[in-house]
Amino acid sequence: MTKTVELRTIEEARRALDAGETTSVELTNAHLERIAATEPTIAALITVTGERALAEARAADKRRVRGETSGLLGIPVVLKDIFATAGVRTTCASKILGDFVPPYDADATDRLARAGAVLVGKANMDEFAMGSSNENSAFGATRNPWDLERVPGGSSGGSAAAVAAGQCLGSLGTDTGGSIRLPASYCGVVGLKPTYGRCSRYGVIAYASSLDQVGPFGRTARDVAILLGVIAGHDPRDSTSAPREVPDYEGALTGDVSGLRIGVPREYSVEGLDHGVDKATRQAIEILRSRGAQIVDVSLPHTRYAVATYYLVGTAEASSNLARYDGVKYGLRAGDGQPLLDMYRETRDQGFGTEVKRRILLGTYALSAGYYDAYYLKAQRVRTLIREDFARAFESCDLIASPTASTTAFRLGERDDPLSMYLTDIFTVPANLAGLPGLSVPCGFDEDGLPIGLQLIAPAFAEATALQAADAYQRDTDFHSRSPAPPTAEGPV
Ligand code: GLN
C-alpha cells in the first residue's frame, strides 16, 4: 500500500487512486494535516476550506467507485485568492474585499470542479496581484518554505509555496508580469503562464486586463500539463479567450528534444545577474543540448525597455480596473455613506494598501490629458517593438531560454524601495507584453540551498513545446524531487 503522504505528484496520486491504493478522503486528510503543520510558519493560505474539501473528496471517491476517472478526480488543489469561488470568501489579499463572498465561480474554478479536483484552500498573494514578494498582502506575508526568512516571490507566492510545502498537489495562480514564473522559481516548483487568451479570465479579479493570464503550478512539467489541459479552452464569457482547440499536452511529453532549437538571447546577461543563477541556467541549457537540442544565439534588443513599458501599461490598466471599488456595490464601505464623495474617498483610503494606491496614482497620471501621448501611447508603441523582437527571434528557434529571475529568493524587507522590487521582473515581463507562454522549471540550488529557475518562452499557443522541453529536462535531473525540510515550531530544520 502506498503511503498517502508519499504521493508527491498528481501523476503518482492519480495512479494510486486508480489502483485503489488510497482514497481521495485519505489524500485530502493527509494534505489538511500538512496544512495544519505548515501554516503557522509559511502562511501560504488566506482561507482553508477543510470541510468543503472533505465533502468534495467523498463525492470524488463515490464517482471513482462508479468507474469514473476524470482528469483530477479527488486531487487536492489550491487556488490563488484572486479566483472567484461561489460561497467561499475571495479577498484578492485586500482589505477592500476582505469579506467578499462571490455569488459565482471563475471559469478556472468551475473547470477544476468539473474535473473532480478537491479545493483545500485559497492562497495568499500580493494585494490585487501587485508585487513580486507577497509582502503586499493585507493578510501578512507568505514565507518561502526553503528559508522562512525569505520571500516566496509574488504575486502568486501562496500558490507556489503551498505546492512546495506539500499542502496540495497542484495550484493555480495568475501572471501579469511574472507572478507565476517568479514564485515558481523561488519556491522550486514548475509554473506556467500560458499564451494570452489560452485560459479564460472570467471570474478572475482584474489587475491589468491586456496582460493578466491564468496558469498552473506543480512539481513536474507533467503535472502542469495535466492542469493546463483542464483549465485551457474557449469561454464565451471572456471576449479575449481564444476559440482554439486544446492540444493533448500530456501526450506531447515524449522526452524527445532532438532537433529542437533553443534560442539564448544575448541581452539576458544583465547586470546584477547572480553568478550561481547564471551557472545553473547554462548547465540546464547544456543538458538540453546533450539530449539533442540545438542552441542558437538570438537577440531581443528591446528587452531593456520592458520593465518601464510594463509598469506604464500595467498601472494604467489597474487605475481603470480598480475604479470599481468605491464602497457602493460590494466590498468594504467606510464612513456613513454621506456625502457620497467622502464615502468613496474614505473607502478607498482605508481599503487599499500602499502599493495599490501607488499604482492607481501612477496609472491615472500616465493616462491623464497631456501625459497620455508621452507615457501610455509611447509604452504601447514599445510594446509592439518587444512583440516584434520575439517574432524575429522565433524565426530561428522554437524556444527561448533564460533565467527566470536574476537572483534567488531575497529576504523579507530587503527590497524596500519600489524600483528595486520592480526590477525583479526583468526576465518575466517581456513574455506578458508579447502575450507569449512562459514556464519556469527548477534547475538547481544556490550556495544557500535556495532554488533556481530556468525560464522557457515559446511562440503563441506552443505551450506544449515548453512543457516537452521541461519534462525532458526533468527526466535527467532531480531538483524537483527535493523538498524543503518540514518546518518545526522553531523554524525549518
Ligand atoms: N511583479 C509584477 C508586479 O508587481 C508582476 C505581478 C503579476 O504578474 N501579477 O506588477
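For Cα pairs less than 8 Å apart in space and 6+ apart in sequence, what is the mean separation divided by the residue count of the stretch 300-361, i.e. the relative contact order in percent?
Over the stretch 300-361, the number comes to 33 percent.
To the nearest µm²/s, what D does Stokes-Einstein give for the stretch 23-155 at 20 °C and 1.002 mPa s, using the Kirkwood radius over alpha carbon pairs as Rh?
140
Which lysines have a Cα lying under 29 Å from the Cα of residue 357, excluding residues fewer than 8 positions away in the same chain?
Cross-link targets: 80, 95, 122, 193, 329, 378.
Once you put a point 7 Å from the Cα of residue 373 and another 7 Å from the Cα of residue 254, both along the Cβ direction, what distance in nm separates them?
5.4
Looking at 138, 194, 204, which one has the Cα that reaches farthest to the positive end of the dipole of the stretch 110-220 (charges on Cβ: Lys, Arg +1; Asp, Glu -1)?
194
Could you tell me the center-to-center distance, by alpha carbons, between the stretch 344-416 and the stretch 73-109 in angstrom?
Their Cα centres are 25 Å away from one another.
Between residue 282 and residue 12, what is 0.36 nm times their sequence separation minus the Cα-Cα distance? Round to one decimal in nm.
Computed gain between residue 282 and residue 12 is 94.2 nm.
What's the magnitude of the charge dipole for the chain around its Cα centre, counting Lys and Arg as +1 and Asp and Glu as -1 at the beta-carbon? Answer in Debye, nearest 20.
Around 740 debye, computed over the chain.
When the dipole is taken about the Cα centre of the stretch 310-462, and only Lys, Arg (+1) and Asp, Glu (-1) are charged at their Cβ, what size is it in debye, to the nearest 20?
So the dipole magnitude of the stretch 310-462 works out to roughly 560 debye.
At a threshold of 8 angstrom on Cα-Cα distance, excluding pairs fewer than six apart, so keeping six or more, what relative contact order does the stretch 33-116 reach in percent?
Computed value for the stretch 33-116: 25 percent relative contact order.
In µm²/s, what is D for the stretch 357-404 at 20 °C and 1.002 mPa s, where D = kT/(6 pi eta Rh) by Stokes-Einstein and Rh is the Kirkwood radius from Cα pairs?
164
Counting residues in the stretch 130-264 as N, plug N into 2.2 N^0.38 Å and put the Cα Rg over that result.
Scaled against compact globular proteins, the figure is 1.09.
Can you work out ³J(HN,Hα) from phi for every residue in the stretch 457-463, in order, using Karplus 6.51 cos²θ - 1.76 cosθ + 1.60 and θ = phi - 60°, giving whole Hz and x for Gly and Pro?
Result, ordered by residue: 9, 10, x, 3, 6, 9, 3 Hz.
Ranked highest first by the average count of other Cβ atoms within 10 Å around their residues, in what order do 30-36, 93-99 fall?
93-99, 30-36
Using 1/(1 + (r/R0)^6) with R0 = 35 angstrom and r between the beta carbons of residue 210 and residue 65, what's the FRET efficiency to the nearest 0.05?
Efficiency, from the Cβ-Cβ distance: 0.15.
At a 10 angstrom cut-off on C-beta neighbours, averaged per residue, how do the peptides 267-276, 216-225 rank from highest to lowest?
Highest mean packing first, the order is 216-225, 267-276.
Order of 74-83, 404-413 by packing, highest average Cβ count within 10 Å first?
So the order, starting with the most tightly packed, is 74-83, 404-413.
Once you sort the root eigenvalues of the Cα gyration tensor of the stretch 394-451 as a ≥ b ≥ c, which label holds: rounded (a/c under 1.5), prolate (a/b larger than b/c) or oblate (the other case)?
Oblate.
Give the long-range amide H neighbours of residue 443: residues separated by 5 or more places, or on another chain, with amide H under 5 Å away, using H modelled in the peptide plane at 1.01 Å from N.
452, 453, 454
Nothing charged except the Cβ atoms of Lys and Arg (+1) and of Asp and Glu (-1): what's the magnitude of the dipole of the stretch 406-493 about its Cα centre? Round to the nearest 20 debye.
With Lys and Arg at +1 and Asp and Glu at -1, about 220 debye.
Shape of the stretch 379-493 from its Cα gyration tensor (a ≥ b ≥ c, root eigenvalues): rounded if a/c is under 1.5, otherwise prolate when a/b > b/c, or oblate?
oblate
With r as the distance between the Cβ atoms of residue 148 and residue 338 and R0 = 41 Å, compute the FRET efficiency 1/(1 + (r/R0)^6) and round to 0.05.
0.30
Please give the calculated 222 nm ellipticity per residue for the chain, where each DSSP H segment of at least 4 residues contributes -39500 (n - 2.57) and the sum is spread over every residue; nearest 500 deg cm²/dmol?
Mean residue ellipticity at 222 nm (helix-derived): -11000 deg cm²/dmol.
Once you keep just the Cα pairs under 8 angstrom separated by 6 or more residues, what percentage relative contact order results for the stretch 1-80?
Here the relative contact order equals 39 percent.
Report the gain in length on full extension from residue 33 to residue 58: 0.36 nm times residue separation, minus Cα-Cα distance, nm rounded to one decimal.
So the chain would gain 7.3 nm between residue 33 and residue 58.
Taking amide hydrogens as modeled 1.01 Å from N in the peptide plane, which residues meet the under 5 Å criterion relative to residue 123, leaving out close sequence neighbours?
Those qualifying (amide H under 5 Å, at least 5 residues apart or on another chain) are 46, 79, 80, 81.
Give me the distance between the Cα centres of the stretch 191-235 and the stretch 237-276, rounded to whole Å.
Here the answer is 14 Å between Cα centres.
Normalised radius of gyration for the stretch 182-225, please: alpha carbon Rg relative to 2.2 N^0.38 Å, two decimal places.
Computed over Cα atoms of the stretch 182-225, the ratio equals 1.24.
Can you list the equivalent-ellipsoid semi-axes of the chain, largest first and in whole Å, using the square root of 5 times each Cα gyration tensor eigenvalue?
31, 29, 21
Within the stretch 297-341, whose backbone N sits under 11 Å from a point 7 Å along Cα→Cβ of residue 99?
Taking a point 7 Å out along Cα→Cβ of residue 99, the residues of the stretch 297-341 whose backbone N falls under 11 Å are 331-334.
Stretch residue 483-residue 381 to full length: gain in nm at 0.36 nm per residue minus the Cα-Cα span?
So the extension gain works out to 32.3 nm.
Roughly what % antiparallel, to the nearest 5, for the DSSP beta bridges in the chain?
In the chain, DSSP labels about 65 percent of beta bridges as antiparallel.
Read the figures in this text as sums done on the coordinates, not as results from a lab. Keep in mind that this is a model prediction, so the values were computed, not measured. Neighbour counts are summed over all protein chains in view; Cβ atoms, including those assigned to glycine, are modelled from backbone coordinates with ideal geometry.
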